[in-house]
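Q: My questions will all concern the structure given below.
The values are calculated or read from the model by the stated rules, or taken from the named source; none is laboratory data. Note that the coordinates shown come from a computational prediction; the quantities given were computed from them, not determined experimentally. Methodologically, a virtual Cβ is constructed for each residue, glycine included, from the backbone with ideal geometry; neighbour enumeration extends over all protein chains shown.
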Amino acid sequence: MKTINDFDFKDKKALIRVDFNVPLNDALEVTDTTRIEAAKPTIIKVLEDGGSCVLMSHLGRPKAREDEFSLQHIVMSASEILGVQVKFVNDCIGDAVQEAVNALQPGEILLLENLRYHPEEKAGDVAFAEQLAALGDVYVNDAFGTAHRAHASTAVIAQFFPENKCFGNLLASEIVNVNKVLSDGEKPVTAIIGGAKVSSKITIIENILDKIDHLIIGGGMAFTFVKAQGGSIGSSLVEDDKQALALEILDKAKQKNVEVHLPLDCVIADAFSNDANVDVADIGAIPDGWMGLDGGTQTRELFASVILASKTILFNGPIGVFEMPNFAQGTIDTCTAIAEATANGAFSLVGGGDSVAAVKQFDFGDKVSYVSTGGGAMLEMLEGKTLPGIKAILD
């Protein structure tokens, strides 16, 4: 795997695909700089070598050249984080862009305008990719969040750099850390799969059954398993058409000697609201008109005991509706157990939007081994898919 550390960038222009698709508020100010901070080590490596950086990214889903999606709005934040005044050019191809790149001196950074102002980016247009390729000497992909897209700047462009292409530090570390779960994990390996629907996680579960020892199923998706086994789940979230699939997963897990841990009890409510009436019920004995919104005490203790006995942990999906304080304890206790296991030497990987949000919300980000920056990309890796942005560098 060729990474940025295999190159000396002295007097070279590094064309770096970053993921600066960051959230902006109504005043078009950056509200979360995590993705900019994640790209910093790669950018600084180039500058310290004596090279310059040409950064390309998308922002949002513009339908035309809408100002709210201009990367101009993140220049100030990027400059502060990188410690270098970032230059900006209001397009990503064309004569003005080429002139700005030609004028770039070692130690300088140029940010191109939103790639998705051009429909050719999402279309994976070869001619557009070739125009982008003319802007650098070495192509660096450091955008894990878009590595699962076969876009011009993530997959197609690499063919124009047959020898001079590599992974940035962030993308390389994402690959290494996901593989620690998928192939290099010290046993016992535990996967905590939560969230709302079995259907969105089925491919992941099927792909990891050969690699794990314990499967903890939490969140709304657990009720499909409970109902499939004959439990009463009240008005809890369920996918009735996936009950046979749930039983099939349990059977496959048994064949592969994977121990499946479903909730034992749950915190129930008479409405989907933080202000609803609350009670506790056994997982398969929820009264009509009530829904399970979090793991109960027995569930939390069971899950924690499994996690604390693990050496490799994947956390993908919350245990309850953690956005509501009254139904957050199951997710908090799970995070606490993961943090304790990590402190005791386990490797823990957190990935998927809701899990990452929970870890950040409850301040566990620095207490786990690795927090993935790419929701969709990480899920596809866990599903066993080959990501176009990664394949393009390896080919």
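Q: When you scan the range 330-338, do you find a residue that is assigned by TED's automatic domain parsing to the domain that holds residue 202, in contact with a strand residue (DSSP E or B) (Cβ under 6 Å, 6 or more places away or on another chain) and either under 17 Å from residue 205 (Cα atoms) or buried (at least 23 other Cβ atoms within 10 Å of the Cβ) (or both), even just one?
A: Checked against the condition, which is being assigned by TED's automatic domain parsing to the domain that holds residue 202, in contact with a strand residue (DSSP E or B) (Cβ under 6 Å, 6 or more places away or on another chain) and either under 17 Å from residue 205 (Cα atoms) or buried (at least 23 other Cβ atoms within 10 Å of the Cβ) (or both), the range 330-338 yields at least one hit.
Q: Filter the range 191-231 for residues that are assigned to a helix (DSSP H, G or I) and among the β-branched types (Val, Ile, Thr); which is nearest to residue 302 (Cα to Cα)?
A: Ranking the candidates gives 226 first.
Q: With (1) closer than 24 Å to residue 272 by Cα; (2) touching a helix residue (DSSP H, G or I) at 6+ places or on another chain (Cβ under 8 Å) as the list, and residue 327 as the residue in question, which single condition is left unmet?
A: (2)
Q: Looking at residue 33 and the list (1) in contact with a Leu (Cβ under 9 Å, 6 or more places away or on another chain); (2) over 14 Å from residue 168 (Cα atoms), which single condition is not satisfied?
A: It is condition (1) that residue 33 fails.
Q: Among the listed residues 345, 295, identify the single one that is in the same structural domain as residue 235 (by TED's automatic domain parsing), crowded, with 21+ Cβ neighbours inside 10 Å and under 28 Å from residue 382 (Cα atoms).
A: Going through 345, 295 in turn, just one is in the same structural domain as residue 235 (by TED's automatic domain parsing), crowded, with 21+ Cβ neighbours inside 10 Å and under 28 Å from residue 382 (Cα atoms): 295.
Q: Can you find a residue that is assigned to a helix (DSSP H, G or I), more than 16 Å from the chain's Cα centre (by Cα) and farther than 16 Å from residue 189 by Cα anywhere in the range 353-362?
A: no
Q: Further question on the same structure: When you go through 165, 180, 197, 201 one by one, which is the residue that is over 19 Å from residue 348 (Cβ atoms) and modelled with pLDDT under 90?
A: Only one candidate qualifies: 197.
Q: Another one. Take residue 249 and decide whether it is crowded, with 19+ Cβ neighbours inside 10 Å, under 18 Å from residue 216 (Cβ atoms), in the same structural domain as residue 224 (by TED's automatic domain parsing) and touching a Ser or Thr at 6+ places or on another chain (Cβ under 6 Å).
A: no
Q: When the range 1-28 is examined, which residues are found to be in a loop (DSSP other than H, G, I, E, B), over 17 Å from residue 66 (Cβ atoms), out of contact with any Leu (no Cβ under 6 Å at 6 or more places or on another chain) and not basic (Lys, Arg)?
A: 1, 7, 8, 9, 11, 19
Q: Identify, by number, the condition in (1) in a helix (DSSP H, G or I); (2) at pLDDT 95 or above that residue 35 doesn't meet.
A: (2)
Q: Select the helices (runs of 4 or more DSSP H) contained entirely in the range 75-169, then report the ones holding at least 2 residues which are closer than 25 Å to residue 29 by Cβ, free of Cβ contacts under 8 Å to residues at least 60 places away in the same chain and not charged (D, E, K, R).
A: The qualifying helices (runs of 4 or more DSSP H) are 75-82.
Q: Something else now. Which residues, taken from the range 97-106, are surrounded by fewer than 14 Cβ atoms within 10 Å (Cβ to Cβ) and either closer than 22 Å to residue 20 by Cα or not assigned by TED's automatic domain parsing to the domain that holds residue 21 (or both)?
A: Matches in the range 97-106: none.
Q: Those residues that are at negative phi and out of contact with any helix residue (DSSP H, G or I) (no Cβ under 8 Å at 6 or more places or on another chain), I need them from the range 347-379; list them, please.
A: 354, 355, 357, 360, 361, 366
Q: Can you name every residue in the range 348-388 that is more than 20 Å from residue 145 (Cα to Cα) and not assigned by TED's automatic domain parsing to the domain that holds residue 198?
A: Hits for the range 348-388: nothing passes.
Q: Tell me, please, whether a residue that is within 19 Å of residue 153 (Cβ to Cβ) and either in the same structural domain as residue 359 (by TED's automatic domain parsing) or touching a His at 6+ places or on another chain (Cβ under 9 Å) (or both) can be found in the range 48-58.
A: Yes, the range 48-58 contains at least one residue that is within 19 Å of residue 153 (Cβ to Cβ) and either in the same structural domain as residue 359 (by TED's automatic domain parsing) or touching a His at 6+ places or on another chain (Cβ under 9 Å) (or both).
Q: Please list, ordered by first then second residue, the pairs with beta carbon atoms under 8 Å, 6 or more apart or interchain, first in the range 238-256 and farther than 30 Å from residue 289 by Cβ and touching a residue at least 24 places away in the same chain (Cβ under 8 Å), second loosely packed, with under 13 Cβ neighbours inside 10 Å and not small (Gly, Ala, Ser).
A: Every condition considered, the pairs that remain are 256/210.
Q: Name the single residue that is surrounded by the most Cβ atoms within 10 Å (Cβ to Cβ) among those in the range 21-49 being touching a Phe, Trp or Tyr at 6+ places or on another chain (Cβ under 7 Å) and of a type outside the set (Lys, Arg).
A: Across the range 21-49, the extreme among qualifying residues is 46.
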